[in-house]
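*Asks:* Please find one structure pasted underneath; my questions will follow.
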Amino acid sequence: IIDGVKPSNKDRGYILRRLLRRTALQMHLLEKITDEQDFISISNVIMEIYGGFYFLDKDNQKKMVADEISLEVFRFTQTIARGLQIYQKTGNIISGQDAFLLFQSFGFTIELIMELAREEGKMVDKEGFEKELKVHQAISRSI
(Lines give C-alpha, C1' and ligand atoms only; values in the text may rest on other atoms or scores of the structure.)
Protein backbone atom coordinates (compact mmCIF):
# COMPACT_ATOMS: atom_id res chain seq x y z
CA ILE A 1 0.00 0.00 0.00
CA ILE A 2 2.84 2.38 0.83
CA ASP A 3 4.36 1.64 -2.58
CA GLY A 4 1.13 2.81 -4.21
CA VAL A 5 -0.71 -0.50 -4.59
CA LYS A 6 -4.42 -0.22 -3.86
CA PRO A 7 -6.93 -3.06 -3.75
CA SER A 8 -8.40 -3.44 -7.23
CA ASN A 9 -9.41 -5.89 -9.95
CA LYS A 10 -6.05 -5.75 -11.76
CA ASP A 11 -2.44 -6.78 -11.32
CA ARG A 12 -0.85 -6.14 -7.92
CA GLY A 13 -4.04 -4.56 -6.63
CA TYR A 14 -5.88 -7.81 -7.27
CA ILE A 15 -3.36 -9.73 -5.18
CA LEU A 16 -3.70 -7.21 -2.36
CA ARG A 17 -7.50 -7.37 -2.54
CA ARG A 18 -7.44 -11.17 -2.43
CA LEU A 19 -5.05 -11.17 0.51
CA LEU A 20 -7.18 -8.73 2.50
CA ARG A 21 -10.44 -10.50 1.66
CA ARG A 22 -9.08 -13.94 2.40
CA THR A 23 -7.79 -12.71 5.75
CA ALA A 24 -11.08 -10.95 6.51
CA LEU A 25 -13.09 -14.08 5.76
CA GLN A 26 -10.84 -16.38 7.77
CA MET A 27 -10.83 -14.02 10.74
CA HIS A 28 -14.61 -13.70 10.47
CA LEU A 29 -14.95 -17.47 10.50
CA LEU A 30 -12.66 -17.67 13.54
CA GLU A 31 -14.64 -14.85 15.15
CA LYS A 32 -11.38 -13.09 15.94
CA ILE A 33 -11.88 -9.90 14.01
CA THR A 34 -15.20 -8.18 13.80
CA ASP A 35 -14.55 -5.06 11.74
CA GLU A 36 -12.02 -3.04 9.79
CA GLN A 37 -10.73 -1.34 12.96
CA ASP A 38 -9.22 -4.66 14.06
CA PHE A 39 -7.27 -4.82 10.78
CA ILE A 40 -6.04 -1.28 11.31
CA SER A 41 -4.77 -2.24 14.76
CA ILE A 42 -2.85 -5.15 13.25
CA SER A 43 -1.37 -2.97 10.50
CA ASN A 44 -0.27 -0.40 13.10
CA VAL A 45 1.60 -3.10 15.02
CA ILE A 46 3.31 -4.28 11.83
CA MET A 47 4.28 -0.71 10.98
CA GLU A 48 5.74 -0.24 14.46
CA ILE A 49 7.81 -3.42 14.13
CA TYR A 50 9.16 -2.55 10.68
CA GLY A 51 8.97 1.22 11.00
CA GLY A 52 12.68 1.84 11.25
CA PHE A 53 13.48 -0.30 8.24
CA TYR A 54 10.85 0.52 5.68
CA PHE A 55 8.58 3.39 6.56
CA LEU A 56 9.79 6.94 6.18
CA ASP A 57 6.88 9.02 7.43
CA LYS A 58 5.10 6.68 9.82
CA ASP A 59 2.23 8.95 10.79
CA ASN A 60 1.12 9.78 7.26
CA GLN A 61 1.80 6.25 6.07
CA LYS A 62 -0.18 4.74 8.95
CA LYS A 63 -3.16 6.85 7.96
CA MET A 64 -2.81 5.94 4.28
CA VAL A 65 -2.53 2.21 5.05
CA ALA A 66 -5.38 2.39 7.57
CA ASP A 67 -7.63 4.18 5.09
CA GLU A 68 -7.01 1.64 2.32
CA ILE A 69 -7.43 -1.39 4.58
CA SER A 70 -10.48 0.07 6.26
CA LEU A 71 -12.22 0.76 2.96
CA GLU A 72 -11.53 -2.66 1.45
CA VAL A 73 -12.38 -4.64 4.57
CA PHE A 74 -15.52 -2.58 5.15
CA ARG A 75 -16.70 -3.28 1.61
CA PHE A 76 -16.05 -6.98 1.94
CA THR A 77 -17.46 -7.43 5.44
CA GLN A 78 -20.74 -6.05 4.17
CA THR A 79 -21.06 -9.12 1.97
CA ILE A 80 -19.35 -11.84 4.04
CA ALA A 81 -22.40 -12.79 6.08
CA ARG A 82 -24.70 -12.91 3.05
CA GLY A 83 -22.16 -14.87 1.03
CA LEU A 84 -21.65 -17.36 3.84
CA GLN A 85 -25.42 -17.87 4.04
CA ILE A 86 -25.46 -18.81 0.35
CA TYR A 87 -22.38 -21.00 0.84
CA GLN A 88 -23.96 -22.83 3.80
CA LYS A 89 -27.06 -23.63 1.71
CA THR A 90 -24.97 -25.54 -0.82
CA GLY A 91 -24.79 -29.30 -0.51
CA ASN A 92 -21.72 -31.52 -0.48
CA ILE A 93 -21.03 -30.46 -4.05
CA ILE A 94 -20.94 -26.75 -4.78
CA SER A 95 -22.22 -26.28 -8.30
CA GLY A 96 -20.49 -24.08 -10.81
CA GLN A 97 -23.50 -21.75 -10.70
CA ASP A 98 -23.33 -21.41 -6.92
CA ALA A 99 -19.57 -20.87 -7.02
CA PHE A 100 -19.99 -18.22 -9.71
CA LEU A 101 -22.74 -16.50 -7.70
CA LEU A 102 -20.43 -16.39 -4.67
CA PHE A 103 -17.68 -14.97 -6.88
CA GLN A 104 -19.71 -12.41 -8.81
CA SER A 105 -22.09 -11.22 -6.10
CA PHE A 106 -20.08 -11.64 -2.91
CA GLY A 107 -16.43 -11.39 -3.95
CA PHE A 108 -15.48 -14.94 -2.96
CA THR A 109 -12.72 -16.07 -5.33
CA ILE A 110 -12.79 -19.64 -6.60
CA GLU A 111 -9.66 -20.34 -4.56
CA LEU A 112 -11.38 -19.10 -1.43
CA ILE A 113 -14.49 -21.17 -2.17
CA MET A 114 -12.33 -24.25 -2.75
CA GLU A 115 -10.45 -23.68 0.49
CA LEU A 116 -13.70 -23.36 2.46
CA ALA A 117 -15.05 -26.47 0.75
CA ARG A 118 -11.88 -28.45 1.45
CA GLU A 119 -12.10 -27.57 5.16
CA GLU A 120 -15.68 -28.91 5.25
CA GLY A 121 -15.12 -31.94 3.03
CA LYS A 122 -17.17 -30.48 0.17
CA MET A 123 -16.42 -30.64 -3.54
CA VAL A 124 -16.51 -27.70 -5.95
CA ASP A 125 -17.49 -27.97 -9.61
CA LYS A 126 -14.56 -25.89 -10.80
CA GLU A 127 -15.20 -26.74 -14.45
CA GLY A 128 -18.78 -25.52 -14.09
CA PHE A 129 -17.48 -22.34 -12.48
CA GLU A 130 -15.04 -21.78 -15.36
CA LYS A 131 -17.88 -22.30 -17.84
CA GLU A 132 -20.09 -19.76 -16.04
CA LEU A 133 -17.18 -17.31 -15.94
CA LYS A 134 -16.53 -17.66 -19.68
CA VAL A 135 -20.21 -17.09 -20.47
CA HIS A 136 -20.19 -13.99 -18.28
CA GLN A 137 -17.02 -12.69 -19.92
CA ALA A 138 -18.46 -13.25 -23.39
CA ILE A 139 -21.59 -11.32 -22.47
CA SER A 140 -19.50 -8.52 -20.96
CA ARG A 141 -17.37 -8.23 -24.09
CA SER A 142 -20.39 -8.04 -26.36
CA ILE A 143 -21.93 -5.13 -24.47
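The values are calculated or read from the model by the stated rules, or taken from the named source; none is laboratory data. Predicted model only: the values in this text are computed from it and were never measured. We place every Cβ from the backbone using ideal geometry, glycine too, and count neighbours over all the protein chains shown. Calculation scope for accessible area: heavy atoms of the full protein, side chains included, ligands and nucleic acids excluded. Shrake-Rupley method; radii C 1.70, N 1.55, O 1.52, S 1.80 Å.
*Asks:* If you count only protein heavy atoms with a 1.4 Å probe, what accessible area per residue comes out for the chain, rounded to a whole Å²?
*Replies:* Each residue of the chain exposes 65 Å² on average to a 1.4 Å probe.
*Asks:* Among VAL135, ILE80, LEU29, whose Cα lies farthest out toward the positive end of the dipole of the chain, if unit charges sit on the beta carbon of Lys, Arg (+1) and Asp, Glu (-1)?
*Replies:* VAL135
*Asks:* Holding the Cα-Cα limit at 25 Å, pick out from LYS6/LYS122; LYS89/LYS131; LYS10/LYS126 the pairs that are longer than that.
*Replies:* Beyond 25 Å: LYS6/LYS122.
*Asks:* What does the charge add up to near LEU25, with Lys and Arg as +1, Asp and Glu as -1, over the other residues with Cβ less than 11 Å from its Cβ?
*Replies:* That sum, taken over residues with Cβ under 11 Å, equals +2.
*Asks:* Sorted by average packing, counted as other Cβ atoms within 10 angstrom per residue and highest first, what order do 41-50, 78-87 take?
*Replies:* Ranked from most to least packed, the peptides come out as 78-87, 41-50.
*Asks:* Along the charge dipole of the chain, which of ILE110, LEU16, ILE1 sits closest to the positive end, that is, farthest toward it, with unit charges on the beta carbon of Lys, Arg, Asp and Glu (+1, +1, -1, -1)?
*Replies:* Of the candidates, ILE110 comes out farthest on the positive side.
*Asks:* While we're on this one: Calculate, in nm to one decimal, what ASP38 and ASP67 gain on full extension: separation in residues at 0.36 nm each, minus their alpha carbon distance.
*Replies:* Contour length minus Cα-Cα distance gives 9.2 nm.
*Asks:* Per DSSP H run of n ≥ 4, the term is -39500 (n - 2.57); total these for the chain, divide by its residue number, and report the mean residue ellipticity at 222 nm rounded to 500 deg cm²/dmol.
*Replies:* -26000 deg cm²/dmol
*Asks:* Round to a whole number: what % of the accessible area of the stretch 22-143 belongs to carbon and sulfur, probe 1.4 Å?
*Replies:* 55 percent
*Asks:* Another question, if that's okay. Step through the residues of the stretch 131-141 one at a time and calculate ³J(HN,Hα) from phi using the Karplus curve (6.51 cos²θ - 1.76 cosθ + 1.60, θ = phi - 60°), rounding each to whole Hz and writing x for Gly and Pro.
*Replies:* Working through the residues one at a time gives 5, 4, 5, 5, 4, 4, 5, 5, 5, 4, 5 Hz.
*Asks:* Here is a further query. Using a simple spin-label model with points 7 Å from Cα along the Cα→Cβ vector, what separation in nm is obtained for HIS136 and ARG18?
*Replies:* 1.5 nm
*Asks:* Give the relative contact order (percent, whole number) for the stretch 48-130; include only Cα pairs under 8 Å separated by 6+ residues.
*Replies:* 27 percent
*Asks:* I would also like to ask the following. Given just the C-alpha atoms of the stretch 26-143, how large is their convex hull per residue in cubic angstrom?
*Replies:* Value for the stretch 26-143: 147 Å³ per residue.
*Asks:* I need the peptides 126-138, 95-107 ranked by packing, meaning the mean over residues of other C-beta atoms within 10 angstrom, with the highest value on top.
*Replies:* 95-107, 126-138
*Asks:* What residues qualify as long-range amide H neighbours of VAL124, i.e. H under 5 Å apart, gap of 5 or more or another chain, H built at 1.01 Å from N?
*Replies:* The list, which skips near neighbours in sequence, is ILE94.
*Asks:* Just how large is the dipole of the chain about the Cα centre, in debye to the nearest 20, putting +1 at every Lys and Arg Cβ and -1 at every Asp and Glu Cβ?
*Replies:* Charge dipole of the chain: 400 debye, to the nearest 20.
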